[in-house]
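A.B. asks: Take a look at this one; I'll ask things after.
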Amino acid sequence: MSLTRLASQASITKLRISSRRTFLFKCGLMDAVAPEKIVVTTHQQYHTSDLVSPTTVAPSPLDQFRVWFTEVSQNESVKEPEAMTLSTATLAGIPSARIVLFKQLDSRGFIFFTNYSSRKSQELLANPKAALIFYWREVHRSVRVVGRVEKVTREESEVYFRSRPIGSRLGAWASKQSTVVGETDLHARVDKFQQRFGVSESDVDGEIPLPDFWGGWRVVPEEVEFWAGKPSRLHDRVRYLLTGESPDGAPQWKIERLAP
């Protein structure tokens, strides 16, 4: 490679770095001496007073989750305890993750609602396995769930959909979730469906039907881990593994402690 070409490439690289730094500086995201590399050296210490072990948890992970979720829901310091990370993967094994809102727990598993045409739903249709993570930083607790997925019934989706604020119901119709949109497309579609259903976002209620492309997914757990933070990274970890079913169809679980 010629010296002229090397010099040209070096100039382009410097220009790209300079442009990026100029953009971040204008946005107030960096100063003139901010490093290119980010290194985190702080070490947060975790403290939970409760002992989490195979001898102290409930026989069923769903029952144990009910206990923990009730506690964090009643703790005002825990903000949005229903927020959870949902991880999915394509058939080729390419993963993706996003934050969604946990909405229901029934006798079978964890339920959330979404657009059935979205990326997450398309991946779940092709590869019906998922993982969930709840992280309640304020109380140093986390729950990890791995399992198969299934759609909830339309009747279940109807009941939840009607409980949503009217703006959220309009949004479900207006948003072609995970597709590319123009800057004004979404608001134009909201206006379109406001006119179609004769409602506005400020209305308290109105008749907006459940879209065919929208509903709930249930994650039926096969593995559930409960994590409680402890000092020096010596955390409590208890895992439930599904081993089969009893004669009456109830899930059977193996409960083990994991090394932190």
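The values are calculated or read from the model by the stated rules, or taken from the named source; none is laboratory data. Keep in mind the model is a prediction, meaning the values are calculated, not measured. Cβ placement follows ideal geometry from the backbone for every residue including glycine, while neighbour counts extend to all protein chains displayed. All accessible areas refer to the heavy atoms of the entire protein, side chains included, with ligands and DNA or RNA removed. Shrake-Rupley method; radii C 1.70, N 1.55, O 1.52, S 1.80 Å.
A.B. asks: Evaluate the relative contact order of the stretch 53-208 (contact order divided by residue number), counting alpha-carbon pairs under 8 angstrom at least 6 apart; express in whole percent.
C.D. replies: 17
A.B. asks: Classify the stretch 215-260 from the C-alpha gyration tensor, please: rounded if a/c falls under 1.5, else prolate or oblate depending on whether a/b exceeds b/c. Show your work: numbers first, answer last.
C.D. replies: Numbers: a/c = 4.65, a/b = 1.74, b/c = 2.68.
In terms of gyration-tensor shape, oblate.
A.B. asks: Right, another one. When the Karplus curve 6.51 cos²θ - 1.76 cosθ + 1.60 is applied with θ = phi - 60°, which whole-Hz ³J(HN,Hα) does each residue of the stretch 79-92 get, with x for Gly and Pro?
C.D. replies: 8, 6, x, 7, 5, 9, 8, 10, 10, 10, 8, 6, 4, 7
A.B. asks: Explain nothing, just the number: relative contact order of the stretch 127-260, from Cα pairs under 8 Å at least 6 residues apart, as a whole percent. Don't skip to the end; give the middle numbers.
C.D. replies: Working: 200 pairs, mean separation 34.7, N = 134.
Relative contact order comes out at 26 percent.
A.B. asks: With a cut-off of at most 14 other beta carbons within 10 Å, and DSSP calling the residue loop, which chymotrypsin sites (Phe, Trp or Tyr not before Pro) in the stretch 24-132 qualify? Please list them.
C.D. replies: Numbers: sites: F25, Y46, F65, W68, F69, F102, F110, F112, F113, Y116; in loops: Y46, F102, Y116.
Counting only loop positions with at most 14 other Cβ atoms within 10 Å, none of the chymotrypsin sites (Phe, Trp or Tyr not before Pro) in the stretch 24-132 qualifies.
A.B. asks: Might you work out the accessible area of I99 for me, using a 1.4 Å probe with all protein chains in place, and round it to the nearest 10 Å²?
C.D. replies: 110
A.B. asks: Hey, what did the chain get for relative contact order, percent, Cα under 8 Å, at least 6 apart? Write out the running numbers ahead of the final one.
C.D. replies: Numbers: 391 pairs, mean separation 53.4, N = 260.
21 percent.
A.B. asks: Accessible area of the chain with a 1.4 Å probe: how many percent of it is carbon plus sulfur?
C.D. replies: 56
A.B. asks: Determine which lysines satisfy two conditions relative to K192: a Cα distance under 20 Å, and not lying fewer than 8 residues away in the same chain.
C.D. replies: Straight-line reach from K192, under 20 Å: K176.
A.B. asks: Find which of V224, W214, V204 sits farthest along the positive direction of the dipole of the stretch 202-260, computed with +1 on the beta-carbon of Lys and Arg, -1 on that of Asp and Glu, about the Cα centre.
C.D. replies: Most positive-ward Cα: V224.
A.B. asks: Oh, and also: Distance check, please: which entries in K79/K129; K103/K230; K129/K254 exceed 23 angstrom between their Cα atoms?
C.D. replies: Working: K79/K129 28 Å; K103/K230 29 Å; K129/K254 20 Å.
The pairs that break the limit, which is 23 Å between Cα atoms, are K79/K129; K103/K230.
A.B. asks: Go through L124, L91 and list them by solvent-accessible area, largest first, probe radius 1.4 Å.
C.D. replies: Output order, biggest surface exposure first: L91, L124.
A.B. asks: Classify the chain: rounded, prolate or oblate, from the alpha-carbon gyration tensor (a ≥ b ≥ c, eigenvalue square roots; a/c under 1.5 rounded; otherwise prolate if a/b is larger than b/c)? Mind showing how you got there, number by number?
C.D. replies: Numbers: a/c = 1.91, a/b = 1.16, b/c = 1.64.
It is oblate, given that a/c is not under 1.5 and a/b is not larger than b/c.
A.B. asks: So, one more: In what order, largest first, do H47, H235 sit by accessible area if the probe radius is 1.4 Å? Working shown, then result.
C.D. replies: Working: H47 120, H235 20 Å².
Solvent-accessible surface, decreasing: H47, H235.
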